[in-house]
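Following: one structure in structure tokens, then a few remarks.
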Amino acid sequence: MISFNEVPVVKAEMLIRRPVREVFEAFADPAVTTKFWFTKSSGRLEAGKRIRWDWEMYGVGDDIYVKALVPDKRILVESSDGTEIEWIFTPRSGNETYVTITNSGFTGEGDDIVSRAIDSMGGYTIVLCGLKALLEHQIVLNLVADKAPDAHVNR
């Protein structure tokens with residue numbers, strides 16, 4: 001049971017039937033990530049580096065700080081809003097990878113925190129589904145862009 005003093009921690013998980021190296025690289029290398037998540041990045045993820053991610057179709061972006069990066073195992077970033085996002089890559093038999101994304105550190109008022117946590121859970125689930133389609137089937141689903149087509153910025 002969640003008390004009023006506890007802040008939600010969001011977790012999204014998915015089995016990706018590809019080797020851990022390939023799955024890790026899909027998040028570290030923006031040339032791959034832009035096929036299933038954001039549309040533009042200022043660079044590759046590296047520990048201690050500040051990176052800009054943009055979702056050009058929505059006219060929004062985020063400045064993140066890469067707090068930790070262990071190749072093929074873990075990525076930890078801090079968003080501009082102070083939340084942390086952690087990716088854990090667990091290799092499984094048969095060249096499969098279990099990806100766990102955890103988002104924590106939400107701040108604000110109760111309803112706002114809950115709303116942001118729910119949006120985060122849905123968002124990271126969509127990201128993992130898009131990644132799975134891309135790596136397992138070489139299909140770009142445009143899930144992030146198509147989630148809110150009426151919110152697209154006029155170009």
Positions within segment 20-33 being surrounded by 15 or more Cβ atoms within 10 Å (Cβ to Cβ), within 30 Å of residue 150 (Cβ to Cβ) and of a type outside the set (Phe, Trp, Tyr), in sequence order
26, 30, 32, 33
Does segment 60-68 contain any residue that is part of a strand (DSSP E or B), in contact with an Asp or Glu (Cβ under 6 Å, 6 or more places away or on another chain), open to solvent by 40 Å² or more (accessible area, probe 1.4 Å) and farther than 24 Å from residue 151 by Cα?
yes
In segment 80-98, what count of residues is obtained for those that are closer than 20 Å to residue 45 by Cβ and either more than 15 Å from the chain's Cα centre (by Cα) or without any contact (Cβ under 8 Å) to a residue 40 or more places away in the chain (or both)?
11
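Residue by residue, here is whether (1) in contact (Cβ under 8 Å) with a residue 40 or more places away in the chain; (2) open to solvent by 30 Å² or more (accessible area, probe 1.4 Å) holds:
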site	(1), (2)
111	no, yes
116	no, yes
125	yes, yes
135	yes, no
144	yes, no
Within the bounds of segment 16-36, is there any residue that is of a type in the set (Ser, Thr, Tyr), under 27 Å from residue 138 (Cβ atoms) and within 15 Å of the chain's Cα centre (by Cα)?
yes
Residues of segment 71-81 being in contact with a strand residue (DSSP E or B) (Cβ under 9 Å, 6 or more places away or on another chain) and either open to solvent by 30 Å² or more (accessible area, probe 1.4 Å) or of a type in the set (Phe, Trp, Tyr) (or both), which ones?
72, 73, 74, 78, 80, 81
If I go through segment 99-118 residue by residue, how many of them are part of a helix (DSSP H, G or I) and within 16 Å of the chain's Cα centre (by Cα)?
3
What number of residues in segment 36-54 are part of a loop (DSSP other than H, G, I, E, B), surrounded by fewer than 17 Cβ atoms within 10 Å (Cβ to Cβ) and either in contact with a Gly (Cβ under 8 Å, 6 or more places away or on another chain) or of a type in the set (Phe, Trp, Tyr) (or both)?
1
Which numbered condition residue 57 fails, given (1) at pLDDT 95 or above; (2) open to solvent by less than 30 Å² (accessible area, probe 1.4 Å)
(1)
Return the residues of segment 54-79 that are in contact (Cβ under 8 Å) with a residue 12 or more places away in the chain and closer than 18 Å to residue 9 by Cα; say none if nothing qualifies.
74, 75, 77, 78, 79
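The values are calculated or read from the model by the stated rules, or taken from the named source; none is laboratory data. Keep in mind that this is a model prediction, so the values were computed, not measured. Here Cβ is always computed from backbone atoms with ideal geometry, including for glycine, and neighbour counts include all displayed protein chains. Surface areas here come from the heavy atoms of the whole protein model, side chains and all, with no ligands, DNA or RNA. Shrake-Rupley method; radii C 1.70, N 1.55, O 1.52, S 1.80 Å.
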